[in-house]
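The values are calculated or read from the model by the stated rules, or taken from the named source; none is laboratory data. No experiment lies behind these values; they were computed from the predicted model shown. Don't worry about glycine lacking a Cβ; one is built from the backbone with ideal geometry, like all the others, and counts go over all protein chains shown. The area values use the complete protein model at the heavy-atom level, side chains included, leaving out ligands, DNA and RNA. Shrake-Rupley method; radii C 1.70, N 1.55, O 1.52, S 1.80 Å.
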Amino acid sequence: MRVIGLMSGTSCDAIDAAAADLEIEGDEVVLTPLGDLECAFPGGLRRELLAALPPSSTTMAAVCRLDTLLGQALAVAADRADRELCFEAAELVVSHGQTVYHWTEDGRVRGTLQLGRPAWIAERTGRTVVSDLRPRDVAAGGQGAPLVSALDVMWLRGRPGTPVALNLGGIANITVAHGARGPLAYDTGPANVLLDTAVRELTGGRADHDTDGALAAAGAVCRPLLDGLLAEPYYARPAPKTTGRELFNAAYLRTVLAGFGHLPAEDVLATLTELTARTVADAVRAAGGTEVIASGGGTRNPALLARLARALDGIPVRVSDGLGLPSGAKEAYAFALLGFLTALGLPGTVPACTGARHARVLGSITPGLGGPLPRPWDGPAPVRLRVARTGPSHDPQIRITDAH
Ligand SMILES: Nc1ncnc2c1ncn2[C@@H]1O[C@H](COP(=O)(O)OP(=O)(O)OP(=O)(O)O)[C@@H](O)[C@H]1O
Ligand SMILES: [Mg+2]
């Protein structure tokens with residue numbers, strides 16, 4: 001089945017689209033990547049979205065507007081992916097939507113809301129759409145995240161040692177695929193969300209991220225600020241746990257930076273970058289991780305990778321590209337896989353990872369203009385994922401460069 005996955009994460013940087021051919025062979029899902037693309041949010045949509053997210057309050061009118069405009073933007077991305085990556089032969093679109101609120105209380109997730117009405121995608125592309133994948137896991141007692149854990153567990157099955165998949169998106173999350181303490185998955189804490197917020201605040205909105213980690217690389221870690229950041233109770237909470245902009249937002253940053261007004265932007269960025277590296281490395285060590293397979297926009301930040309490599313102290317880090325999944329599009333491929341499983345009536349969660357009571361078939365289905373969904377899969381559920389190589393393989397290990 002030719003499937004398009006659409007993802008826009010916590011960073012609200014762009015919509016990622018990935019296309020894949022997915023088939024079941026024996027106990028494996030075989031995923032052949034067809035390519036990926038990134039679609040910018042149109043006009044002022046990104047600004048409008050950021051202005052409505054926590055810690056801001058908003059109105060139902062703004063929510064309706066965002067739901068519609070995001071749905072239309074996702075439809076444009078799906079249409080482009082169908083034409084450019086699938087040559088108009090996509091059979092299914094899987095849309096994560098944009099998380100606007102992840103409601104957690106006392107470590108439990110009580111609700112999660114993604115916007116981007118799928119009707120716009122079905123109407124524009126004519127394809128059946130699977131959307132709203134998180135709420136079913138929440139209703140089954142889970143965190144609704146990290147849903148990528150289902151891909152990670154299937155993909156890394158059989159890999160020696162204790163492999164840990166790491167996604168450096170707005171939030172950093174890990175999946176311990178197997179091993180004495182696995183499978184297990186959770187958000188370790190902030191990655192790009194605090195870095196981006198700090199850059200926006202410190203540059204008066206002139207820049208929206210620390211391009212190539214240049215600011216962080218030019219700064220030094222401020223130990224008292226780092227200690228203050230590490231005192232955040234979230235890090236000590238037991239897994240499964242998830243977090244987002246509801247906690248790590250501009251108001252949070254202003255509070256922790258109070259009293260550090262004298263610090264140059266470079267030192268603030270170096271300290272926040274070290275915070276991500278430290279919290280990820282602590283989580284990897286606690287899980288007995290023997291290697292880290294990294295993905296997400298944070299892998300494009302050499303200062304973050306250098307600090308991470310240092311904090312991991314010999315545990316090797318490689319980017320997911322080396323194992324066949326492009327680091328910038330891995331989450332979009334993960335949603336393609338989850339929607340494919342839904343279309344076949346197969347569960348898309350690992351209860352040990354999300355904390356749910358049972359594995360569940362995820363999502364809601366919006367019919368397209370074509371025929372019905374395929375018949376439910378009546379064989380045994382696949383337990384592995386094989387990524388078919390589409391080009392020459394390479395396995396770049398991250399080079400450790402100097403970090404202060
Ligand atoms: N060249 C770069 N240098 C530094 N940071 C970068 C660079 N390119 C991307 N990034 C960071 O990556 C972020 C986007 O990453 P990504 O798309 O993986 O996160 P996301 O959309 O929050 O996804 P999710 O939360 O689902 O993992 C940007 O906001 C930016 O902070
Ligand atoms: Mg993104």
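Structure above, values below:
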| read-out | value |
| --- | --- |
| Test: residue in the stretch 39-53 that is at pLDDT 95 or above, assigned to a strand (DSSP E or B) and either out of contact with any helix residue (DSSP H, G or I) (no Cβ under 9 Å at 6 or more places or on another chain) or open to solvent by less than 20 Å² (accessible area, probe 1.4 Å) (or both) | yes |
| Criterion (of a type outside the set (Gly, Ala, Ser), part of a helix (DSSP H, G or I), within 21 Å of the chain's Cα centre (by Cα) and surrounded by fewer than 18 Cβ atoms within 10 Å (Cβ to Cβ)) met by exactly one of Asp282, Asp321 | Asp282 |
| Residue that is nearest to the chain's Cα centre (by Cα), among those in the stretch 131-153 that are open to solvent by 20 Å² or more (accessible area, probe 1.4 Å) and within 27 Å of Pro326 (Cβ to Cβ) | Arg134 |
| Tally of residues being part of a helix (DSSP H, G or I) and either in contact with a strand residue (DSSP E or B) (Cβ under 9 Å, 6 or more places away or on another chain) or under 20 Å from Leu37 (Cβ atoms) (or both) across the stretch 58-67 | 3 |
| Per-region count, the stretch 228-255, residues closer than 27 Å to Leu49 by Cα, assigned to a helix (DSSP H, G or I) and of a type outside the set (Gly, Ala, Ser) | 6 |
| Flag if Leu341 is part of a helix (DSSP H, G or I), within 16 Å of ligand 1 (Cβ to nearest atom) and surrounded by 22 or more Cβ atoms within 10 Å (Cβ to Cβ) | no |
| Tally, over the stretch 1-34, of residues that are open to solvent by 20 Å² or more (accessible area, probe 1.4 Å) and more than 12 Å from ligand 2 (Cβ to nearest atom) | 11 |
| Output for the stretch 60-93, where each listed residue is in contact with a helix residue (DSSP H, G or I) (Cβ under 7 Å, 6 or more places away or on another chain), touching a residue at least 40 places away in the same chain (Cβ under 8 Å) and more than 21 Å from Arg46 (Cα to Cα) | Asp82, Ala90, Leu92, Val93 |
| Test result for Ala270, out of contact with any strand residue (DSSP E or B) (no Cβ under 9 Å at 6 or more places or on another chain), assigned by TED's automatic domain parsing to the domain that holds Thr211 and either without any contact (Cβ under 8 Å) to a residue 12 or more places away in the chain or on the phi > 0 side of the Ramachandran plot (or both) | no |
| Residue under evaluation Glu48, criteria (1) out of contact with any strand residue (DSSP E or B) (no Cβ under 9 Å at 6 or more places or on another chain); (2) closer than 24 Å to Ile365 by Cβ; (3) of a type outside the set (S, T, N, Q), criterion not met | (2) |
| Some residue of the stretch 276-283 being farther than 16 Å from Leu226 by Cα and in the same structural domain as Thr255 (by TED's automatic domain parsing) | yes |
| Among residues of the stretch 206-220, those that are open to solvent by less than 80 Å² (accessible area, probe 1.4 Å), part of a loop (DSSP other than H, G, I, E, B) and more than 29 Å from Val176 (Cα to Cα), counted | 4 |
| Scan of the stretch 285-316 for residues that are within 16 Å of ligand 1 (Cβ to nearest atom), among the basic types (Lys, Arg) and either under 23 Å from Ala231 (Cα atoms) or in a loop (DSSP other than H, G, I, E, B) (or both), ordered by number | Arg307 |
